[in-house]
Amino acid sequence: MTLGEANKSISIGERRVGKGEPCFIIGEAGVNHNGSFELARELVDVAVDAGCDALKFQTFKAEKVCSSLAPKAVYQLQTTAADESQLEMVRKLELPFDAFRELHRYSRDKGIIFLSTPFDYESTDFLAELPVPAFKIPSGEITNLLFLEHVARKGRPLIVSTGMATMDEVAIAVKAIRATGNLQMVLLHCVSNYPADPRSMNLRAMHSLEDAFGVAVGLSDHTVGTEVAFAAVALGACVIEKHFTLSHELPGPDHRASLEPQDLTELVKGIRNIEAALGDGVKRPAAEELNTADVARRSLVAARFIPAGAVLTADMLDTLRPGTGLPPAMRSQLLGRQAHYDIEAGTVLRLDMLA
């Protein structure tokens, strides 16, 4: 298998993901459970009911992610207590490994693929043993090469978000991952703000990633609403990842940039409709419009009464609906021919009427 062949698509569980496959839709529950196992279970149900292909959480040990001096991002300060450190915030959003074991089991029973993003080595090892069928690399870890290599060596497909990264940084990360022998990768374009401004999305960067690295691409979308995700699918995104929540009113850093349950359902429905609408690119009439052609197109008709034996001249012909007779393009072929019998004005002409 060549490098190019290896990267055309990947397998996540029983699903093929990549060019020519249905878009792989990941409902990103993330930390929108607010540290509650019960809320996390409800999020599984929402993703299942919406028709997502996969559900994704975030698995971490807070002390392995943040120092006590780490500040919050601007978007986090807008939705959480200003006098609280990032570490204090993240501690409240941490679920124990046992909770993920139960969520993994519950998701499997519900028939949805369970994924979770690891943020540290211990969490990576745990998820590998769970097991998860693929690993999601968050944007913040794309320059953490030792960590990337550790995850890649688990031998699972990787879905790598590229938010905040330059092309050079993506190239270094891809090279580090491939150096482990792991060639199974999808790159997700991303703008790491919550919510992201649609004017900053630069969706055509997906094509740049695809061309540069020969991999399937997609979008991790943090904009409000569904329009940007729909545009990404129309542009060829093989994966769409979108945060969702039970309610925008819940406290926490990510709820504001997340879809509520009904919106998640509409996202999945809209993506499937877009895929169906894209088609195979061959220009031909759709079966459902053939009747419309009969009604809306024109045929050659007798412009006035034509007596038997008359030689057809231009003033004897008109073009009117319906389109069930000879097409207007045959007009010149009828001129000079004789009528076999009387033809009443308005008659749709046929060749057997003429000599």
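Between His340 and Arg153, the modelled label-to-label distance comes to 8.6 nm, taking each label 7 Å out from Cα in the direction of the beta carbon. Packing order of peptides 38-47, 234-243, 202-211, 280-289, highest average first: 234-243, 38-47, 202-211, 280-289 (average count of other Cβ atoms within 10 Å over each peptide's residues). Identify the residues of segment 79-123 with backbone N under 18 Å of a label point that sits 7 angstrom from the Cα of Ser68 along the Cα-to-Cβ direction, or state none. In segment 79-123, the label zone of Ser68 (backbone N under 18 Å from the point 7 Å along Cα→Cβ) covers 83-92.
Nonpolar atom fraction for the chain, defined as the carbon and sulfur part of the 1.4 Å probe accessible area, stands at 52 percent.
Whole number in Å², please: accessible area per residue of the chain, 1.4 Å probe, ligands, DNA and RNA not counted.
Solvent-accessible surface per residue comes out at 47 Å².
Applying 0.36 nm per residue to the separation of Ala310 and Asp109 and subtracting their alpha-carbon distance, the gain on full extension is 64.4 nm. Provide, for the chain, the number of lysine pairs with alpha carbons under 12 Å apart, each pair being eight or more places apart or on different chains. Taking the Cα cut-off of 12 Å, the pair count is 4. Taking a label point 7 Å from the Cα of Ser247 along the Cα→Cβ vector, which residues of segment 76-116 have an amide N closer than 20 Å to it? So the set is 79-81, 93.
Computed extension gain for Arg321 through Arg15, at 0.36 nm per residue and net of the alpha carbon distance, reaches 105.2 nm. Taking each residue as 0.36 nm, the span from Asp197 to Glu260 lengthens on full extension beyond its C-alpha to C-alpha distance by 20.8 nm.
Annotation for Arg297 and Ala234: the two label points, set 7 Å from Cα along the Cα-Cβ direction, are 2.9 nm apart.
Of the DSSP H helices in the chain, those that are both long (alpha-carbon extent of 15 Å or more along the helix axis) and hydrophobic (Kyte-Doolittle mean at least -1.0) are 37-50, 167-179, 261-278.
Only helices enter the 222 nm calculation for the chain: every DSSP H run of n ≥ 4 contributes -39,500 (n - 2.57), and dividing by all residues gives -10000 deg cm²/dmol, rounded to 500. Taken along the Cα-to-beta-carbon direction at a fixed 7 Å, the label points for Glu227 and Glu84 span 3.3 nm.
The values are calculated or read from the model by the stated rules, or taken from the named source; none is laboratory data. Since we're looking at a predicted model, the values are computed, not measured. Here the Cβ is made from the backbone with ideal geometry for all residues, glycine too, and neighbour counts use every protein chain on show. Heavy atoms of the whole protein, side chains included, go into the accessibility calculation; ligands, DNA and RNA do not. Shrake-Rupley method; radii C 1.70, N 1.55, O 1.52, S 1.80 Å.
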